[in-house]
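**Student:** Below is one structure. I have some questions about it.
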Amino acid sequence: MKTKNTFFLVIILLTSACSASDKSSDSVEEKTPIASIVLPTETPIPLTKTPAPVPTAIPLERAQYGIYATLDYAGKKVEVEESILYPNKSTETLSDILLAVEPNLWANGFLLHELSVDSVPINYSLEGQRMHIPLNEPFEPNKNIEIKLRYTLNLPFAEQGDPSLVRARIYGYTDRQVNLTNWYPFVVPRKDSVWQLPNPWYFGEHFIYDAADYDVHFSVNDETVVVAASAKAETTAQGWAYQLKSARAFVLSASPDYKVLSQEVGDVTVYSYYYLLFDIPAQEVLNVSVKALQLYEQIYGEYSHKSLTAVQGDFNDGMEYSGFYFQSNGFYNTYDGTAQNYLTFVSAHEVAHQWFFESVANDQANEPWLDEMLATYSERLYYETYHPEALNWWWQARMFDYSPNAWLDLAVSENPSERAYWSSSYFHGAHFLEELRTRIGDEAFFAFLYDYHLELTEKIATGDDFFRILREHTDVDFSDITVRYFRAAR
Ligand SMILES: [Zn+2]
């Protein structure tokens, strides 16, 4: 697991730990075209011109991504025109920009045809996931620049290896699914005068995301293909259009085999996309998503988007994105109709990431405990509220293989194995929050969580933020707890 063999890294880098893996399932061969939205043409759709966000002298609040993408479903290619209107929100004049380009981690995975900054073609270097663009002109604070790219994505086959050795792969295609995750180049956050782009590790996530606005136009050259996305779709002449404000990672998933269930929760639509014969577990995913959304809105604050989409992954892992999560295929297979299931608590977990990952982001490589601890403890709150009779079961089943003898505040890459990573960031985190809650009391504990979310919405939280806001809510001494969990002085 420690080799830095490139091929091995490519196999596992796109996966991450949001759930314990499960055994593989038999695939369902039967296909039912679900033409919920019929495209007007069966021929490949010519790429239309990128909608140029109108450059403005007024500094933008957030970066704006305008993306026109056409998926060749059978050919496993995506043609993309992308415009990034990026504001310099720092106090320094910038001389370069760094973009993350994850598809370039596959050979021929990313073919760049055009790149310009403010309509002028520009030189760049592209090495692994790092696209470095030295700017021709000084980029002053509170000014915007427009980066335009045109490229082809050659999607890799998302080969699923032995789950005990390698993590599930999500980006790319399987026999019955195309998943576009971290598929477009994006400007990474800047902190302390340094662009923030950690290297991928064998497990866990590694990206850090600024909040940005998305205007995505997507089409597929196969009218039987159903598309799930990070936002509600509007049907256009050529496909679908999506608008998503203040989000971290816009995701699309396409399959000719998807069925979909949905339910309205206030002004939010919750979707559960799934494969034939999985109606019952798909209904549980929908039910848990609805109930978790309602619960977390009460505890943490308002959900930030108008849709929440769960998709049955064609792989055994759960993963969160903006307004969207994949649920492990294996958990659909093992669902037994009760609440005492991985399907149930991992769904509650992934929904919680819409507050901690999406609304309040964090450095997933170096402080993964911030979102994973809170997402895991949210499972506890879900059971406490809806299935108190199963709470003890959850502590036992969820904390399987829990080893308390590790620091909670480890970077992903400091863990010797994925299991150890789950144990330190997820399980140890849940135990820490349980002890903290018992010590300071429910009133202070929940007021803290609410304010933590409120104050850091659209921002990238740090461990320092966590403890600063916590101490604003209690005078109770909890230092004897933190010294047992945290390597850093807290
Ligand atoms: Zn997670």
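Bear in mind that the values in this text are calculations on the coordinates, not laboratory data. Model, not experiment: these values are computed from the prediction. Here the Cβ is made from the backbone with ideal geometry for all residues, glycine too, and neighbour counts use every protein chain on show.
**Student:** I need the phi-derived Karplus couplings for region 327-335: 6.51 cos²θ - 1.76 cosθ + 1.60, θ = phi - 60°, integer Hz, Gly and Pro marked x.
**Tutor:** Using θ = phi - 60°, the values come out as 10, 4, 4, x, 6, 5, 5, 9, 5 Hz.
**Student:** Something else about it: What list do you get for GLU284, GLU434 if you sort them by fewest beta carbons within 10 Å?
**Tutor:** On the way: GLU284 23, GLU434 13.
Taking fewest neighbouring Cβ atoms as first place, the list is GLU434, GLU284.
**Student:** Amide H neighbours of PHE356 under 5 Å, at least 5 residues apart or on other chains, H built in the peptide plane: list them.
**Tutor:** Residues meeting the criterion, in which the H sits 1.01 Å from N, do not exist here.
**Student:** Now for a different question. Determine the alpha carbon to alpha carbon distance for each of LYS259/LYS306; LYS76/LYS232; LYS77/LYS148 and list only those over 22 Å.
**Tutor:** In this structure, LYS76/LYS232 lie more than 22 Å apart at Cα.
**Student:** In what order do GLU418, GLU223 fall by count of nearby beta-carbon atoms within 10 Å, going from fewest to most?
**Tutor:** Numbers: GLU418 25, GLU223 14.
Ascending number of Cβ neighbours within 10 Å: GLU223, GLU418.
**Student:** Would you calculate the separation in nanometres between label points at LYS77 and TYR450, each defined as 7 Å from the Cα along the Cα-to-beta-carbon direction?
**Tutor:** Placing both labels 7 Å along Cα→Cβ, they lie 5.5 nm apart.
**Student:** Per DSSP H run of n ≥ 4, the term is -39500 (n - 2.57); total these for the chain, divide by its residue number, and report the mean residue ellipticity at 222 nm rounded to 500 deg cm²/dmol. Before the final figure, lay out each step's value.
**Tutor:** Details: 11 runs with 119 residues, N = 490.
Using -39500 (n - 2.57) per qualifying helix, the result is -7500 deg cm²/dmol.
**Student:** At a threshold of 8 angstrom on Cα-Cα distance, excluding pairs fewer than six apart, so keeping six or more, what relative contact order does the chain reach in percent?
**Tutor:** Taking the mean separation of contacting Cα pairs over the length of the chain, I get 15 percent.
**Student:** Take THR236, project a point 7 Å from its Cα along the Cβ direction, then tell me which residues of region 169-190 have their backbone nitrogen under 17 Å from it.
**Tutor:** Under 17 Å, as judged by backbone N against the label point of THR236, lie 184 of region 169-190.
**Student:** Can I ask one more? What full-extension length gain, to one decimal in nm, is calculated for ASP96 and ARG468 as 0.36 nm per residue of separation minus the Cα-Cα distance?
**Tutor:** That works out to 130.6 nm of additional length.
**Student:** Could you line up SER403, SER378 from fewest to most neighbouring Cβ atoms inside 10 Å?
**Tutor:** On the way: SER403 13, SER378 27.
Starting with the residue having the fewest Cβ neighbours, the order is SER403, SER378.
**Student:** Each residue of region 187-195 in turn: what ³J(HN,Hα) in whole Hz from Karplus with 6.51, -1.76, 1.60 and θ = phi - 60°, glycine and Pro shown as x?
**Tutor:** Running phi through 6.51 cos²θ - 1.76 cosθ + 1.60 with θ = phi - 60° gives 6, 7, x, 10, 9, 6, 6, 10, 5 Hz.
**Student:** Further question: Over the Cα atoms of the chain, what radius of gyration and what Dmax do you get, in Å?
**Tutor:** 21.8, 67
**Student:** I would also like to ask the following. Using alpha-carbon positions, what is the distance between the centroids of region 264-279 and region 171-226, in Å?
**Tutor:** Here the two parts' Cα centres lie 23 Å apart.
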